[in-house]
Amino acid sequence: MTVTRRGVPTGVPSPALRRLPLLLGGLAALALCAALSLALGARSVPLSTVGDALFGHARGRDATVVTGLRLPRTLIGLAVGAALGVAGAVAQGITRNPLASPTTLGINAGAGFAVVVAIFALRLDSPVEYVWFAFAGAAGAALFAQALARRSGDIDPVRLALGGTVLQLVLLSWTSAVMLLNQRTLDEARFWLAGSLSDRPLDVLWPVLPTLLLGLVVALAVSPALNALALGDDSAQALGVPVARIRLAGGAAVVLLAGSAVAMAGPVAFIGLAAPHLVRPLLGNDHRLLVPGCLIAGPLLLLAADVLGRMVFRPSELEVGIVTAFLGAPLLALLARRVAR
Amino acid sequence: MTGAAVLPRTRSSSRTRVRRRVLLFTGSGLVALFVLLTVSLTVGEMPMSAGTALRALVGLGDAGDVLVVQQFRAPRAVAAVVAGAGLGTAGCVLQRLFRNPLASPDVMGVTGGASLGAVALLAAGASQLLIPVGALGGGLLAALLLGAFAWRSGLAVTRLVLTGLAVQAGLAAAVNLMIVRFPAELAGSALQWTTGSVYGRTWTEVWGAGGAMVVVLTVALVLHRALAVLDLGDDSAGALGLRTSATRLQLLFLAVALASLAAALAGPVTFVALAVPHIVRFVTGPPTAASLALAGLTGAVLLLGSDLVVQHLLPVEGLPVGAVTATLGAPWLLVLMLRQSSPVRRRQP
């Protein structure tokens, strides 16, 4: 606690301390979701068996389901959710635009296009093979959007949002065009494009783990400066914040995080947009709290959506990308109703 | 800048210059439309001279030519023209209504709703003929959802745009769900419908949607004055005696109807509605009485031209026209964006 207090300017009551119960509550909810994600599904397993299976005490089909299928799925869900949530918070911070998210920067669309082209040209057929194509597509699209938005060395937030949206629409229509060229591509790609955590071995997590962690570190490092950025570029400059460099670093963090997420799970919309909007009413606008808050809220949302998708159409299941869009849409509509005046 | 539409101009020279540019733009647009229409009637599997094609259009000449021109080429061309005009006008109305350069039927979810309606009817096994009805119903459903969520003693701009994004995402998810769950061949057809295409339109569809479109377009042009007053800002418009929320709702409904009817003909063709208002503003400057009509004309030329590119210039067959409008529209929009990004920046809340 003394460490937290030391990081805050004197005279200001520590916001972290006041919000500590909320953060703990969020962590508890996240743990609950992870447990449910391990236990529930087409074949439900009692929580006690889940515990035994995790520590290697249990044998049999239930244990195999938990350790072989649900554990990788839950871990990937945690990673994807965390990456998307933090990427959303940073994207909204650097663009000062509450509508910004990895999706509006063209990241999901870029990954989708790259994967569809790879399926079409190279005849790939499993999510593990798509990982690097997805990451490359996401990074390419995001860097292109940021290059479009550069203006005398700095990234113009409005141009970034505009350019990203333009790029996203173009890439989406090219994706459809490639899919329409050949039936096999359509058949393979439509499931990946929905965004799903199922049938993903941990092999999709290891390659992108370094980029994911690097992105997280950069995001946490720039988050204090995002507070100054929220005051406007001129004020931030006057406060001694290197605006252009912060925005560049933030953009890099968004690319690393969202690129890793889409490489693992496919394009999952709305977590990056919804997580910051969910955290802001609870923790306030301070990015030092918002970014860690999204680190919890992102996986919480994603895992909850995934569990829900498994429960609705048992024994079949709904792709998590579809669930997040269905749930995120009314949530955002309600938030818009409350927040925007 | 926006006030220029209704305030008396102080410098008559700039006024004549704008008028000359508008006239020039209108003239070249009409010529381009005529040329493209003729090309679309003459070129194809059975090439014919322009004279033959025009005579076949009114039923003269070889019976085969008449069949090809009257039943295949003409409805497709008219569908593209009508849908393009509707999309262009809808985009123009929406961007001025929301004072947001990104507002368009795509952003608001109207086209998402239209795709959902079309795909849902496909899933139910309805005939191709009923699909435009589904698209129209879906577009109106999206608009109703938008109104239900965003209405709160008036329609504030930020809330509408945010809500529109939400509605759009929810409807797109429903479409996505169907594409994933469909058998493969139906999924392809659904995807075609969600990208936008005027392939295989018949006169029945064109007359229905086109007639409604003409009516709505006329109303939109009549309501132009209200739009110009709203451009002054809510407070000034209210002081001038305009009931801002009611007027905004009327204009919004008009734009939704235009976009849905267009989607009923061509599917949710992207970018026409987004790019056309930027093109018109770039050429003619601040909005004038003519800009709505010009947006319609530009949209028609753009969509017809893109459809010709899809049909005849591309080496691959069966591409949806939406892919081409996106590819053509994007660089345009980017150039415009780069040139005028400072005024755009100032308009952001």
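The values are calculated or read from the model by the stated rules, or taken from the named source; none is laboratory data. Note that this is a predicted model, so its numbers are computed, not measured. Note that we place each Cβ from the backbone using ideal geometry, even for glycine, and neighbour counts take in every protein chain shown.
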Which of (1) in contact (Cβ under 8 Å) with a residue 24 or more places away in the chain; (2) surrounded by fewer than 24 Cβ atoms within 10 Å (Cβ to Cβ) does B:L171 not meet, given it meets every other one?
-> (2)
Residues of the range B:184-199 being within 14 Å of chain A (Cβ to nearest Cβ) and either under 18 Å from B:L116 (Cβ atoms) or crowded, with 22+ Cβ neighbours inside 10 Å (or both), in sequence order, are B:L186, B:A187, B:G188, B:S189, B:A190, B:L191, B:Q192, B:W193, B:T194, B:T195, B:G196, B:S197
Conditions (1) touching a residue at least 24 places away in the same chain (Cβ under 8 Å); (2) within 14 Å of chain B (Cβ to nearest Cβ); (3) part of a helix (DSSP H, G or I); (4) surrounded by fewer than 24 Cβ atoms within 10 Å (Cβ to Cβ): number failed by A:P224 = (2)
Out of the range A:310-326, which residues are in contact with a Gly (Cβ under 9 Å, 6 or more places away or on another chain), within 14 Å of another protein chain (Cβ to nearest Cβ) and not polar (S, T, N, Q)?
-> A:E317, A:L318, A:E319, A:V320, A:G321, A:I322, A:V323, A:A325, A:F326
Could you grab me the full set of residues in the range B:162-183 that are part of a helix (DSSP H, G or I), more than 9 Å from every other protein chain (Cβ to nearest Cβ) and over 25 Å from the mean Cα position of the chain (by Cα)?
-> B:M178, B:R181
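Residues are listed down the side, and each one gets a yes or a no for (1) modelled with pLDDT under 80; (2) more than 8 Å from chain A (Cβ to nearest Cβ):
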{"site": "B:E317", "(1), (2)": "yes, yes"}
{"site": "B:P320", "(1), (2)": "no, no"}
{"site": "B:A323", "(1), (2)": "no, no"}
{"site": "B:L328", "(1), (2)": "yes, yes"}
{"site": "B:P331", "(1), (2)": "yes, yes"}
{"site": "B:R339", "(1), (2)": "yes, yes"}
{"site": "B:V344", "(1), (2)": "yes, no"}
The residue from A:A274, A:A304, A:A249 that alone is aliphatic (A, V, I, L, M) and within 14 Å of chain B (Cβ to nearest Cβ) is A:A274
Of the residues in the range A:229-247, those that are among the hydrophobic types (A, V, I, L, M, F, W, C) and surrounded by fewer than 18 Cβ atoms within 10 Å (Cβ to Cβ) come to A:A230, A:L231, A:A238, A:L239, A:A244
Within the bounds of the range B:18-26, is there any residue that is free of Cβ contacts under 8 Å to residues at least 60 places away in the same chain and either at positive phi or outside any helix (DSSP H, G or I) (or both)?
-> no
Residues in the range B:61-91 that are within 14 Å of B:T38 (Cα to Cα) and not in a helix (DSSP H, G or I): how many?
-> 0
How many of the residues making up the range A:227-252 are in a helix (DSSP H, G or I), more than 22 Å from A:A139 (Cβ to Cβ) and not hydrophobic (A, V, I, L, M, F, W, C)?
-> 5
In the range B:92-114, which residues are in a loop (DSSP other than H, G, I, E, B) and either under 14 Å from B:A255 (Cα atoms) or away from chain A (no Cβ under 12 Å) (or both)?
-> B:R99, B:A103, B:S104, B:G109
When you go through (1) within 14 Å of chain A (Cβ to nearest Cβ); (2) out of contact with any Phe, Trp or Tyr (no Cβ under 9 Å at 6 or more places or on another chain); (3) closer than 30 Å to B:R73 by Cβ one by one for B:T202, which number turns out not to apply?
-> (1)
If you take just the helices (runs of 4 or more DSSP H) that sit entirely in the range A:32-144, which of them hold at least 1 residues that are modelled with pLDDT of 85 or more and crowded, with 18+ Cβ neighbours inside 10 Å?
-> A:71-95, A:107-122
